[in-house]
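Right, one structure below, let's go through it.
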Amino acid sequence: MPQTWHYGLVARWWAEFNEDGPEIAYFRQFVEGDGQPALDVACGTGRLLLPYLRAGLDVDGCDVSADMISLCREKAAREELSPTLLVQAMHELDPPSRYRTIFVCGAFGLGSTREQDRVALRRFYECLEPGGTLVLDHEVPYANATRWRQWPKDARRELPEAWPPLGERRRASDGSEYELRARAVALDPLDQRLTLEMHAELWREGRLVAEEEYELTMCLYLRNELLLLLEQAGFADVTVRGDHTDEEATGDHDFLVFVATKPG
Ligand SMILES: C[S@@+](CC[C@H](N)C(=O)[O-])C[C@H]1O[C@@H](n2cnc3c(N)ncnc32)[C@H](O)[C@@H]1O
């Protein structure tokens, strides 16, 4: 199964703190109007899905992490929403419906192998109606200067990194505090695969009450590889936009957004 860190305390962090971002309005424009029904692949705890449902859009969700899906379902139920949510890895996607739009935000390449990613694109193709649209974003491997400098062999010998002494710490709505620390442990330039580790802590009234560690692998893609993979999966009319805007992608954009059509 895909190796991701979106479980336990990390899933709770997502549910508690990850609720906004420019991606919400960006992906929404593809769903509104005749982009429905839509499927949010790797919907996580519903950062995009819940605002869309609130706005009356017809959207289902799926994610490989049962913890993320269960927190998404709880959050939806608090608003008396009951979306169709599936626990499925994207390369095993097998929803009961077909969609006008499938979108993948912040997840393509996470936890999976390159072969699984190739199969996932084919699954997206099969799960779209003819004429339907796939919208998929990917952070380019050179977006993060620290990580990009780790590609040469001398720098790779320095891995694994030491754990950072301090992590990102935030107070949740019930007063408890969550802290996350991440480090790179390996980078394979042939397979274009980065392995990260996450250490998560839960604190109550100044006492550490839980700590967990997870690993996440990421397949790193450049623009032209993804264009070839999309073409191989059967998609046509692929455009590439930059950073969740309508601009054509340039080398200065950190995120590439691929918009692809299943021929009608
Ligand atoms: C960075 S989060 C993004 C969640 C959501 N799309 C958002 O933007 O808020 C990545 C999500 O992808 C899910 N995920 C990672 N690998 C996956 C895979 N191979 N198949 C399906 N979901 C996956 C994780 O469980 C997690 O919920």
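The values are calculated or read from the model by the stated rules, or taken from the named source; none is laboratory data. What you see is a predicted model; the values in this text were computed from it and never measured. Backbone-built Cβ (ideal geometry, glycine too); neighbour counts: all protein chains shown. Ligands, DNA and RNA are excluded from the accessible area calculation, which covers all protein heavy atoms including side chains. Shrake-Rupley method; radii C 1.70, N 1.55, O 1.52, S 1.80 Å.
Annotations
- Checked against the criterion of being open to solvent by less than 50 Å² (accessible area, probe 1.4 Å), within 19 Å of the chain's Cα centre (by Cα) and over 30 Å from residue 133 (Cα atoms), the candidates 196, 187, 229 yield just one match: 196.
- Counting only helices (runs of 4 or more DSSP H) that fall entirely inside segment 1-117 and contain at least 2 residues that are of a type in the set (A, V, I, L, M, F, W, C), closer than 22 Å to residue 133 by Cα and more than 12 Å from the ligand (Cβ to nearest atom), the qualifying elements are 23-31.
The rows are residues; the columns are (1) of a type in the set (D, E, K, R); (2) farther than 30 Å from residue 225 by Cα.
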position	(1), (2)
142	no, no
147	yes, no
150	no, no
161	yes, no
171	yes, yes
175	no, yes
182	no, no
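- Taking segment 145-217 and the strands (runs of 3 or more DSSP E) fully enclosed by it, the elements with 2 or more residues that are in contact (Cβ under 8 Å) with a residue 40 or more places away in the chain and more than 13 Å from residue 9 (Cβ to Cβ) are at 193-204.
- Selection over segment 17-36 of residues that are out of contact with any His (no Cβ under 7 Å at 6 or more places or on another chain) and surrounded by 18 or more Cβ atoms within 10 Å (Cβ to Cβ) gives a count of 5.
- Among (1) in contact with a Gly (Cβ under 6 Å, 6 or more places away or on another chain); (2) open to solvent by less than 30 Å² (accessible area, probe 1.4 Å) - the single one residue 125 does not satisfy: (2)
- Among residues of segment 245-264 being charged (D, E, K, R) and closer than 20 Å to residue 231 by Cα, the one that is surrounded by the most Cβ atoms within 10 Å (Cβ to Cβ) is 262.
- Verdict on residue 172 being touching a His at 6+ places or on another chain (Cβ under 8 Å) and more than 28 Å from residue 234 (Cα to Cα): no
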